[in-house]
Structure formats: structure tokens, C-alpha cells
1. Quick one: if the Förster radius is 30 Å, what FRET efficiency do T13 and E34 give, using the C-beta to C-beta distance and rounding to 0.05?
2. Per residue of the stretch 87-103, in order, report the coupling 6.51 cos²θ - 1.76 cosθ + 1.60 (Karplus, θ = phi - 60°) as ³J(HN,Hα) in whole Hz, putting x for Gly and Pro.
3. What do the square roots of 5 times the Cα gyration tensor eigenvalues come to for the stretch 65-106, in whole Å, largest first, as semi-axes of the equivalent ellipsoid?
4. Considering the dipole of the stretch 31-93 built from charges on the beta carbon (Lys and Arg +1, Asp and Glu -1) around the Cα centre, which of Q35, L46, L63 is farthest to its positive end?
5. Would you mind telling me the share, in percent, of accessible area of the stretch 29-119 contributed by carbon and sulfur at probe 1.4 angstrom?
6. Probe radius 1.4 Å, ligands and nucleic acids left out: which of D33, D111, D77 has the largest accessible area, and how do the rest follow?
7. Using a 1.4 angstrom probe with every protein chain in place, what is the largest-first accessible-area order of Y42, Y91?
8. Take E82 and V113, extend 7 Å from each Cα along the Cα→Cβ direction, and tell me the distance between the two endpoints in nm.
Amino acid sequence: MPQEPAERRVVVTGPPRRALRSSGYYRPRTEIDEQTTLGHTYVRSLMRIQLRTGLTVFAVLALLIGPLPLVFAAAPDARRLEWAVLGFGLYPPLVLLARWYVRRAERNERDFVRLVEDR
């Protein structure tokens, strides 16, 4: 009986799939995951920016809506004007303000992810 040839093993080599990091280098994501002081600083900066955005929206709302009771008290006979201002006059600025807030918050988060991903 003839002998069958032995199975040949082929070793395939290629570039390493993961680059080795130097011992002193950590990515920001690692810092956040390990809850180090630097990671805490990254997260605190995002929270501070988001808080500043929210406070800006609150200040604009307070300036927009806050004086309305005084304006309405100055003209007691203008009930229809009050409803028109409340129903139609405030709606467009509120929608624009909400749209600005959402776009700004998403941009802040995108910038934070870009920082953390180290791109």
C-alpha cells in the first residue's frame, strides 16, 4: 500500500492586528473606564459644557417669558392680546431655542467622543 503524504501545515503571517502601546500611554477612554483623575476631568469638562448650554437656554427663557406678567398687567383690557402672545408669539422662539439647544448638546457630545476616540 502506498503511503499518503503527511499533512502540510501552512503558517500565514501578516501585520499585527493590534499595535502595542507604550507602557506610559493611556487613551482617554481607558482613563474614563478606570475612573482615574484624568478620566474624571474629561467627564467633568463634558458636564460643565452641557450645564453651560442648559443655563444659557434657561437665561434666554427667563428673559423671554419673565417680563410677560408685567406686560400683561400694564394692559389689563387686552385679553385677546395675551392669548395671541402666549399662543402664537412664544411658540416660534421656543421651537428655535429648543432646536439650538439640541444641536449644541449633540455637538458637545460629538466633540467629546472625538476627544476620547483620539482621532
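The values are calculated or read from the model by the stated rules, or taken from the named source; none is laboratory data. This structure is a prediction, so every number in the text was calculated from the model and none was measured. A quick note on method: Cβ atoms are made from the backbone with ideal geometry, for glycine too, and the neighbour counts reach across all protein chains shown. Heavy atoms of the whole protein, side chains included, go into the accessibility calculation; ligands, DNA and RNA do not. Shrake-Rupley method; radii C 1.70, N 1.55, O 1.52, S 1.80 Å.
1. Details: r = 34 Å, r/R0 = 1.12.
Computed FRET efficiency for T13 and E34 comes out at 0.35.
2. For the stretch 87-103, the Karplus curve yields x, 10, x, 8, 4, x, x, 5, 5, 5, 5, 5, 5, 4, 4, 5, 5 Hz.
3. Values: eigenvalues 157, 23, 3 Å².
Its equivalent ellipsoid spans semi-axes of 28, 11, 4 Å.
4. Among Q35, L46, L63, the one farthest towards the positive end of the dipole of the stretch 31-93 is L63.
5. Numbers: 4630 of 7170 Å².
After summing per-atom areas, the C and S share lands at 65 percent.
6. Values: D33 115, D111 70, D77 150 Å².
So the residues, ranked largest to smallest area, are D77, D33, D111.
7. Values: Y42 45, Y91 150 Å².
Accessible-area ranking of Y42, Y91, largest first: Y91, Y42.
8. Once both label points are built, they end up 4.7 nm from each other.
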